[in-house]
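Everything below concerns the one structure shown next.
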Amino acid sequence: MAIWDLADELNHPLDFLLIQNGFITLFHQQAVLDEALSWLRTHRYKVIQVDAASWWSQADVHKDVAQALDFPDYFGSNLEALNDCLSDVAVQAYGWTVADTGLILVIDEFETFEAKDPVAAHRLLEIFARQATYAALFGHRMMCLVRTGDPRLELPPVGGRSVSWNHLEFLSER
(Lines give C-alpha, C1' and ligand atoms only; values in the text may rest on other atoms or scores of the structure.)
Protein backbone atom coordinates (compact mmCIF):
# COMPACT_ATOMS: atom_id res chain seq x y z
CA MET A 1 0.00 0.00 0.00
CA ALA A 2 1.94 2.97 -1.27
CA ILE A 3 -0.21 5.97 -0.51
CA TRP A 4 -3.41 6.99 1.16
CA ASP A 5 -6.52 7.80 -0.79
CA LEU A 6 -7.31 11.51 -1.08
CA ALA A 7 -10.49 10.77 0.91
CA ASP A 8 -8.28 9.75 3.83
CA GLU A 9 -7.55 13.41 4.43
CA LEU A 10 -11.24 13.84 5.23
CA ASN A 11 -11.84 10.46 6.88
CA HIS A 12 -8.72 10.55 9.07
CA PRO A 13 -7.84 6.89 9.60
CA LEU A 14 -5.45 6.44 12.51
CA ASP A 15 -2.37 5.62 10.42
CA PHE A 16 -2.88 8.81 8.41
CA LEU A 17 -3.24 10.85 11.61
CA LEU A 18 -0.08 9.35 13.08
CA ILE A 19 2.13 9.99 10.07
CA GLN A 20 0.82 13.30 8.76
CA ASN A 21 3.09 15.40 11.01
CA GLY A 22 6.18 13.22 10.79
CA PHE A 23 7.42 9.71 11.34
CA ILE A 24 7.93 10.04 15.12
CA THR A 25 4.86 10.44 17.39
CA LEU A 26 4.78 10.86 21.16
CA PHE A 27 2.42 9.03 23.54
CA HIS A 28 2.02 9.32 27.29
CA GLN A 29 -1.01 7.30 28.36
CA GLN A 30 -0.52 3.57 28.00
CA ALA A 31 -4.22 3.07 27.22
CA VAL A 32 -4.05 5.50 24.29
CA LEU A 33 -0.99 3.72 22.92
CA ASP A 34 -2.59 0.29 23.41
CA GLU A 35 -5.69 1.38 21.51
CA ALA A 36 -3.55 2.71 18.67
CA LEU A 37 -1.51 -0.49 18.52
CA SER A 38 -4.66 -2.61 18.45
CA TRP A 39 -5.96 -0.59 15.48
CA LEU A 40 -2.61 -0.82 13.69
CA ARG A 41 -2.36 -4.58 14.21
CA THR A 42 -5.92 -5.03 12.97
CA HIS A 43 -4.86 -3.16 9.83
CA ARG A 44 -1.89 -5.51 9.33
CA TYR A 45 0.92 -3.29 10.57
CA LYS A 46 3.85 -5.17 12.04
CA VAL A 47 4.45 -3.79 15.53
CA ILE A 48 7.90 -4.10 17.10
CA GLN A 49 8.25 -3.00 20.73
CA VAL A 50 11.41 -2.16 22.68
CA ASP A 51 11.75 -0.92 26.24
CA ALA A 52 14.16 2.00 26.66
CA ALA A 53 14.02 1.62 30.46
CA SER A 54 16.35 -1.37 30.06
CA TRP A 55 18.92 0.61 28.09
CA TRP A 56 21.90 1.64 30.21
CA SER A 57 24.21 2.28 27.27
CA GLN A 58 24.25 2.56 23.50
CA ALA A 59 25.27 -1.10 23.39
CA ASP A 60 21.92 -1.99 25.00
CA VAL A 61 20.06 0.06 22.39
CA HIS A 62 21.85 -1.67 19.54
CA LYS A 63 21.35 -5.14 20.98
CA ASP A 64 17.63 -4.59 21.62
CA VAL A 65 16.83 -2.93 18.28
CA ALA A 66 18.94 -5.44 16.33
CA GLN A 67 17.16 -8.36 17.95
CA ALA A 68 13.70 -6.81 17.54
CA LEU A 69 14.22 -6.08 13.84
CA ASP A 70 16.15 -9.27 13.07
CA PHE A 71 19.35 -7.48 11.97
CA PRO A 72 21.98 -9.70 10.33
CA ASP A 73 24.87 -11.08 12.37
CA TYR A 74 27.30 -8.61 10.79
CA PHE A 75 25.52 -5.61 12.41
CA GLY A 76 28.28 -3.39 13.79
CA SER A 77 26.48 -2.17 16.94
CA ASN A 78 27.10 1.53 16.39
CA LEU A 79 24.94 4.40 15.11
CA GLU A 80 26.36 4.24 11.58
CA ALA A 81 25.63 0.53 11.37
CA LEU A 82 22.15 1.15 12.80
CA ASN A 83 21.54 3.64 10.00
CA ASP A 84 22.75 1.12 7.42
CA CYS A 85 20.61 -1.72 8.74
CA LEU A 86 17.53 0.49 9.07
CA SER A 87 17.95 1.41 5.40
CA ASP A 88 17.68 -2.32 4.66
CA VAL A 89 14.60 -2.49 6.91
CA ALA A 90 13.13 0.44 4.98
CA VAL A 91 13.18 -1.61 1.77
CA GLN A 92 11.91 -4.73 3.58
CA ALA A 93 15.16 -6.70 3.37
CA TYR A 94 14.37 -7.89 6.90
CA GLY A 95 12.31 -6.86 9.92
CA TRP A 96 9.00 -7.00 8.05
CA THR A 97 7.54 -8.18 4.74
CA VAL A 98 5.40 -7.03 1.82
CA ALA A 99 2.44 -8.70 3.56
CA ASP A 100 2.63 -6.00 6.25
CA THR A 101 0.86 -2.67 5.68
CA GLY A 102 3.74 -0.96 7.46
CA LEU A 103 6.22 -1.18 10.28
CA ILE A 104 5.71 0.39 13.69
CA LEU A 105 8.64 0.68 16.10
CA VAL A 106 7.38 1.38 19.62
CA ILE A 107 9.94 2.72 22.07
CA ASP A 108 8.54 2.52 25.58
CA GLU A 109 9.80 4.67 28.49
CA PHE A 110 11.94 6.70 26.12
CA GLU A 111 12.56 9.42 28.71
CA THR A 112 14.67 7.05 30.81
CA PHE A 113 17.26 6.58 28.07
CA GLU A 114 16.96 10.18 26.94
CA ALA A 115 17.93 11.27 30.47
CA LYS A 116 20.99 8.96 30.42
CA ASP A 117 22.24 9.80 26.92
CA PRO A 118 20.27 12.60 25.25
CA VAL A 119 22.61 12.73 22.24
CA ALA A 120 22.27 9.01 21.45
CA ALA A 121 18.51 9.14 22.10
CA HIS A 122 18.12 12.00 19.63
CA ARG A 123 20.35 10.30 17.05
CA LEU A 124 18.24 7.14 17.31
CA LEU A 125 15.11 9.11 16.43
CA GLU A 126 16.96 11.02 13.69
CA ILE A 127 18.12 7.78 12.09
CA PHE A 128 14.66 6.24 12.26
CA ALA A 129 13.04 9.35 10.76
CA ARG A 130 15.62 9.44 7.95
CA GLN A 131 15.02 5.79 7.12
CA ALA A 132 11.22 6.17 7.36
CA THR A 133 11.54 8.95 4.77
CA TYR A 134 13.63 6.61 2.63
CA ALA A 135 10.99 3.87 3.03
CA ALA A 136 8.28 6.30 1.89
CA LEU A 137 10.14 6.77 -1.40
CA PHE A 138 9.35 3.11 -2.11
CA GLY A 139 5.77 3.30 -0.87
CA HIS A 140 6.58 1.70 2.49
CA ARG A 141 5.17 2.99 5.77
CA MET A 142 7.43 3.16 8.82
CA MET A 143 6.52 4.97 12.02
CA CYS A 144 8.06 5.26 15.46
CA LEU A 145 5.70 5.63 18.40
CA VAL A 146 7.53 6.93 21.46
CA ARG A 147 5.84 6.40 24.83
CA THR A 148 7.06 8.44 27.73
CA GLY A 149 6.16 8.56 31.40
CA ASP A 150 6.82 12.30 31.26
CA PRO A 151 3.68 14.06 29.98
CA ARG A 152 5.65 17.27 29.47
CA LEU A 153 8.50 15.75 27.49
CA GLU A 154 9.72 18.04 24.74
CA LEU A 155 12.20 16.71 22.24
CA PRO A 156 14.35 18.73 19.86
CA PRO A 157 13.30 18.63 16.21
CA VAL A 158 13.92 15.34 14.44
CA GLY A 159 14.63 15.43 10.73
CA GLY A 160 13.98 19.16 10.75
CA ARG A 161 10.47 18.67 12.16
CA SER A 162 8.96 19.08 15.59
CA VAL A 163 8.14 15.82 17.31
CA SER A 164 4.37 15.89 17.80
CA TRP A 165 2.09 14.29 20.35
CA ASN A 166 -0.57 11.92 19.05
CA HIS A 167 -3.89 13.49 18.11
CA LEU A 168 -5.67 12.31 21.29
CA GLU A 169 -3.11 13.70 23.72
CA PHE A 170 -2.02 16.74 21.74
CA LEU A 171 -4.44 19.15 23.35
CA SER A 172 -5.19 17.21 26.50
CA GLU A 173 -3.70 17.73 29.93
CA ARG A 174 -1.65 14.53 29.41
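Key figures
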| item | result |
| --- | --- |
| Identity of the residue in the stretch 107-133, open to solvent by less than 40 Å² (accessible area, probe 1.4 Å) and farther than 19 Å from R152 by Cα, that ends up farthest from the chain's Cα centre (by Cα) | A120 |
| Any hit, the stretch 62-82, residues being farther than 26 Å from P13 by Cα, of a type in the set (V, I, T), surrounded by 16 or more Cβ atoms within 10 Å (Cβ to Cβ) and over 13 Å from the mean Cα position of the chain (by Cα) | no |
| Scan of the stretch 30-61 for residues that are polar (S, T, N, Q), over 14 Å from the mean Cα position of the chain (by Cα) and either surrounded by fewer than 18 Cβ atoms within 10 Å (Cβ to Cβ) or under 16 Å from D15 (Cβ atoms) (or both), ordered by number | Q30, S38, T42, S54, S57 |
| All positions within the stretch 134-150 that are more than 14 Å from the chain's Cα centre (by Cα) and open to solvent by less than 30 Å² (accessible area, probe 1.4 Å) | G139 |
| Residue list for the stretch 150-167, filter: acidic (D, E) and in contact with a helix residue (DSSP H, G or I) (Cβ under 8 Å, 6 or more places away or on another chain) | D150 |
| Residue list for the stretch 52-100, filter: β-branched (V, I, T) and under 30 Å from D150 (Cα atoms) | V61, V65, V89 |
| Test: residue in the stretch 7-23 that is surrounded by 15 or more Cβ atoms within 10 Å (Cβ to Cβ) and at pLDDT 95 or above | yes |
| In the stretch 117-148, residue farthest from L40 (Cα to Cα) [restricted to those that are of a type in the set (G, A, S) and touching a helix residue (DSSP H, G or I) at 6+ places or on another chain (Cβ under 9 Å)] | A120 |
| Failed criterion for E169 (all others in (1) buried (at least 17 other Cβ atoms within 10 Å of the Cβ); (2) of a type outside the set (G, A, S); (3) within 30 Å of V98 (Cα to Cα) hold) | (3) |
| Failed item in (1) in a loop (DSSP other than H, G, I, E, B); (2) at pLDDT 95 or above, with I3 passing the rest | (2) |
| Matching residues in the stretch 17-63 - criterion: being within 15 Å of E114 (Cβ to Cβ) and not β-branched (V, I, T) | L26, F27, H28, D51, A52, A53, S54, W55, W56, S57, Q58, D60 |
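The values are calculated or read from the model by the stated rules, or taken from the named source; none is laboratory data. Computed from a prediction, not measured in an experiment: that's the story for all the values here. Here the Cβ is made from the backbone with ideal geometry for all residues, glycine too, and neighbour counts use every protein chain on show. Calculation scope for accessible area: heavy atoms of the full protein, side chains included, ligands and nucleic acids excluded. Shrake-Rupley method; radii C 1.70, N 1.55, O 1.52, S 1.80 Å.
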